[in-house]
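Following: one structure in C-alpha cells, then a few remarks.
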Amino acid sequence: MKIIFYWVIYPLIRPFYLTFLIVNTLVLALTIIIISPLDKRRKLVHYIGKFWSLLNIYLSGTRLTVRGLDKIEKGRSYIVMSNHQSLFDVWALIGKLPLQLRWIIKSDIKKIPVFGYALDRMGHIYIDKSRKKDASSGLLKASKKIKEGTSIVIFPEGTRSKTGHLQKFHRGGALIAIESGVPILPVTVNGSRFVLPKGTLALMPGKIEIIINDIIDPREFDEDRKDDLMSAVRTAIEKRLDLNYGSFT
C-alpha cells in the first residue's frame, strides 16, 4: 500500500500542490510588498515568510524535525552555515530556526516577477558572484545586517548537491564571520534531497531532519586562516550527515 501511495497516488496529487504553491507564493509576496514599508525592521515580513515556509512543507506531506535547539542563545545573532541538497532546505531552516534570518541569494532570483522584489523587501541580500565588486558589496551588507541584530544564512557549497555529499566550500562566509566576530552555527540538513531532488519537480512526501551542531567562534581564526575556519565548519556539518536519512528504499 505504501508503494502504491508514493508512486501512483501522490504523483496525481502533485500538480494540485504545485498549483497551490504558485498561488500562495504570489499572494504572500504581494502581502509582503504592501506591508514592508510599514515594517522598518522587517520582523513582521520575516514571520510571514516563516508561515509560508511551514505551510508549504506540511502541505506537501513532509515531516520536519529539529535537534539541538538548545544551542541557540535567545537574542543573539549567528551566521548559519548549512549543507544544501534541495530547495526545501530554505523552507526548513526559515521555518524552524528561532532566528530573524536573512539570506545571501544569487542575483538571478531577483528577476522573478513579484517574488524577487518581495525577497528584496524582506531584507535578503542579492549577490552577483560573477562580478567581484558586487559580491564584495553583498558581503559588506551581510556584515552590516548582522551588527543590526539579524542572523545570516549561507550555503557554503553555493549550489545544491545531487548526491548529498558535500561539495567544495567557498570562503565568503569566513570573510563575514572574521570581520564581524559573530559566531557560526553549523547546521546539517538530512533527507531533503529525497523530498525534492535537484533539477526536478518530482516532489515526494518524505522527512527532513535539521541538526544544529556546536557553535564555532570565528575569533579563534585570523584573516590568514579562512580556509581553516571553513574546514572546521565543513567537519562539523559532515559529522552529522546521514546520506540515507529519508530514503524511500
Residue count for segment 195-249, restricted to those that are touching a Pro at 6+ places or on another chain (Cβ under 8 Å) and under 19 Å from THR62 (Cα atoms): 1
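What is the residue count in segment 98-111 for residues that are surrounded by 15 or more Cβ atoms within 10 Å (Cβ to Cβ) and within 13 Å of the chain's Cα centre (by Cα)? Let's see the steps before the verdict.
Restricting attention to segment 98-111, the residues satisfying the condition of being surrounded by 15 or more Cβ atoms within 10 Å (Cβ to Cβ) are 99-105, 107, 110.
Checking which are within 13 Å of the chain's Cα centre (by Cα) leaves us with 99-105.
Selection size over segment 98-111: 7.
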Odd one out for VAL114, checked against (1) β-branched (Val, Ile, Thr); (2) at pLDDT 95 or above; (3) surrounded by fewer than 21 Cβ atoms within 10 Å (Cβ to Cβ): (2)
In segment 214-234, residue nearest to ARG76 (Cα to Cα) [restricted to those that are free of Cβ contacts under 8 Å to residues at least 24 places away in the same chain and open to solvent by 80 Å² or more (accessible area, probe 1.4 Å)]: GLU220
Per-region count, segment 56-94, residues within 30 Å of LYS144 (Cβ to Cβ), of a type in the set (Gly, Ala, Ser) and surrounded by 14 or more Cβ atoms within 10 Å (Cβ to Cβ): 5
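Would you point out which residue out of GLY181, GLY246 is in contact with a strand residue (DSSP E or B) (Cβ under 6 Å, 6 or more places away or on another chain) and on the phi > 0 side of the Ramachandran plot?
Values: GLY181 fails: in contact with a strand residue (DSSP E or B) (Cβ under 6 Å, 6 or more places away or on another chain).
Matching residue, one of GLY181, GLY246: GLY246.
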Pairs where the first residue, in segment 19-45, is open to solvent by 50 Å² or more (accessible area, probe 1.4 Å) and the second is small (Gly, Ala, Ser), C-beta under 8 Å, 6+ apart: LEU30/ALA118
Tally of residues being over 16 Å from ALA236 (Cα atoms) and modelled with pLDDT of 90 or more across segment 154-170: 5
Positions within segment 149-179 being within 21 Å of TYR126 (Cβ to Cβ), among the hydroxyl-bearing types (Ser, Thr, Tyr) and open to solvent by 10 Å² or more (accessible area, probe 1.4 Å), in sequence order: THR150, THR159
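Scan segment 84-92 and tell me whether some residue there is over 23 Å from THR159 (Cα atoms) and of a type outside the set (Asp, Glu).
At the first step, the residues of segment 84-92 found to be over 23 Å from THR159 (Cα atoms) are none.
Scanning segment 84-92 turns up no residue that is over 23 Å from THR159 (Cα atoms) and of a type outside the set (Asp, Glu).
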Sole exception among (1) within 30 Å of HIS165 (Cα to Cα); (2) not acidic (Asp, Glu); (3) not in a helix (DSSP H, G or I) for LYS74, by number: (1)
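The values are calculated or read from the model by the stated rules, or taken from the named source; none is laboratory data. Model, not experiment: these values are computed from the prediction. Note that each Cβ is placed from the backbone with ideal geometry, even for glycine, and that neighbours are counted across all protein chains shown. These area figures cover heavy atoms from the full protein model, side chains too; ligands, DNA and RNA do not enter into them. Shrake-Rupley method; radii C 1.70, N 1.55, O 1.52, S 1.80 Å.
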